[in-house]
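Take a look at the structure below.
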Amino acid sequence: MLKKVSVLTGAGVSAESGVPTFRDPGGIWEKFRPEQLANFEAFMKDPDFVWSWYQHRREIMREVKPNNGHFALAEMEKIFPSFSLITQNIDNLHYRAGSRNITELHGNIERNYCIKCRTFFHEIDIQEKKVLKCTNCGGLIRPDVVWFGEMLPVKELKYAENAAADSDVFFTIGTSAEVYPAALLPIIAKRAGAYSVEININPTVISFDLDETLTGKSAEILPELVQKIKEIRNN
Ligand code: OAD
């Protein structure tokens, strides 16, 4: 029986909730330059501008709801004895759908911290368009998301690499698989012997390296998959 299942998700999983993806036509990086908005130098140059962009994204992410793909992954977690959900998404939708063993590789937009004393701030006034200052030391508060040029959180990356290397089945869902080191995880899993499955509306750079690609929307394929798994287990 399959015991260890791991999943890597990307922006495509939240597309049907209404969260824009990055590299699809009309995606975030078509409209905005990452170097203007998603790196530390940009933040230090114009903190209010970068902050207001993240406030805008927070607004979008709070308004949307998890979709059937998120709910199906939360269901999967209950089925398998060992289930790791590794996400590049910062939108909190996996948690809101009920998933609990979540590893966030790129941070979480609802968390913020002071760049001077590292105090964390979870409750942020969404209306505040100017960058907030730390109540302890007066330092600038930034979102706890990984910006370009920054390292991924060490503990989370280590966990993800171990989970990938230790999986019986590894799913890669709704990601372009172009951003490293997250994009290495499906390859680590495949090399270690996992059965590797991709779910995406389009082929990606890794499609041909994997065992199987299911083409379509994750919000449609995942619920069907969970249903099938349940049927097999009941027989
Ligand atoms: P991308 O926008 O690069 O890729 C989204 C992927 O989802 C594409 O392969 C689409 O074909 C696929 N997709 C779109 N809608 C889908 C749907 N309904 N069902 C299934 N697949 C769908 O987003 P990511 O690969 O997640 O990093 O981007 C990775 C990282 O790049 C992000 O976490 C972000 C960005 O720069 C940081 O900000 C650090």
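The values are calculated or read from the model by the stated rules, or taken from the named source; none is laboratory data. Just so you know, these numbers come straight off a predicted model, no measurement behind them. Methodologically, a virtual Cβ is constructed for each residue, glycine included, from the backbone with ideal geometry; neighbour enumeration extends over all protein chains shown. Heavy atoms of the whole protein, side chains included, go into the accessibility calculation; ligands, DNA and RNA do not. Shrake-Rupley method; radii C 1.70, N 1.55, O 1.52, S 1.80 Å.
Take the conditions away from the ligand (no atom under 12 Å from the Cβ) and either among the charged types (D, E, K, R) or farther than 30 Å from Lys116 by Cβ (or both) and apply them to Leu8. Does it pass?
The answer is no for Leu8.
Hey, among the residues in the range 158-183 that are without any contact (Cβ under 8 Å) to a residue 24 or more places away in the chain and part of a helix (DSSP H, G or I), which one's farthest from the chain's Cα centre (by Cα)?
Checked the range 158-183; the qualifying residue farthest from the chain's Cα centre (by Cα) is Asn162.
Considering only residues that are hydrophobic (A, V, I, L, M, F, W, C), free of Cβ contacts under 8 Å to residues at least 60 places away in the same chain and touching a strand residue (DSSP E or B) at 6+ places or on another chain (Cβ under 8 Å), which ones fall in the range 55-89?
Met61
Scanning the range 184-204 for residues that are near the ligand (Cβ under 9 Å from one of its atoms) and assigned to a loop (DSSP other than H, G, I, E, B), which turns out surrounded by the most Cβ atoms within 10 Å (Cβ to Cβ)?
Checked the range 184-204; the qualifying residue surrounded by the most Cβ atoms within 10 Å (Cβ to Cβ) is Thr204.
Residue under question is Asp48, and the condition is that it be open to solvent by less than 70 Å² (accessible area, probe 1.4 Å) and either in a helix (DSSP H, G or I) or not assigned by TED's automatic domain parsing to the domain that holds Ala163 (or both); does it hold?
Judged against the criteria, Asp48 is a match.
May I ask you to list the residues in the range 137-149 that are modelled with pLDDT of 95 or more and surrounded by 11 or more Cβ atoms within 10 Å (Cβ to Cβ)?
Residues satisfying the conditions are Cys137, Gly139, Leu140, Ile141, Arg142, Pro143, Asp144, Val145, Val146, Trp147.
Condition first: buried (at least 16 other Cβ atoms within 10 Å of the Cβ) and more than 15 Å from the ligand (Cβ to nearest atom). Now tell me which residues in the range 160-183 satisfy that.
Glu161, Ala163, Ala164, Ala165, Asp166, Ser167, Asp168, Val169, Phe170
Taking the range 14-39 only, how many residues are assigned to a helix (DSSP H, G or I) and more than 9 Å from the ligand (Cβ to nearest atom)?
Matching residues across the range 14-39 total 5.
Which residues, counting only those in the range 90-131, are crowded, with 18+ Cβ neighbours inside 10 Å, touching a residue at least 40 places away in the same chain (Cβ under 8 Å) and outside any strand (DSSP E or B)?
Scanning the range 90-131 gives Ile90, Asp91, Leu93, His94, Leu105, His106, Ile124, Val131.
Taking Ile141 as the residue in question, decide whether it is in a strand (DSSP E or B), within 15 Å of the ligand (Cβ to nearest atom) and among the β-branched types (Val, Ile, Thr).
no
Any residue that is assigned by TED's automatic domain parsing to the domain that holds Phe170, part of a helix (DSSP H, G or I) and within 15 Å of the ligand (Cβ to nearest atom) - is there at least one of those in the range 72-79?
yes
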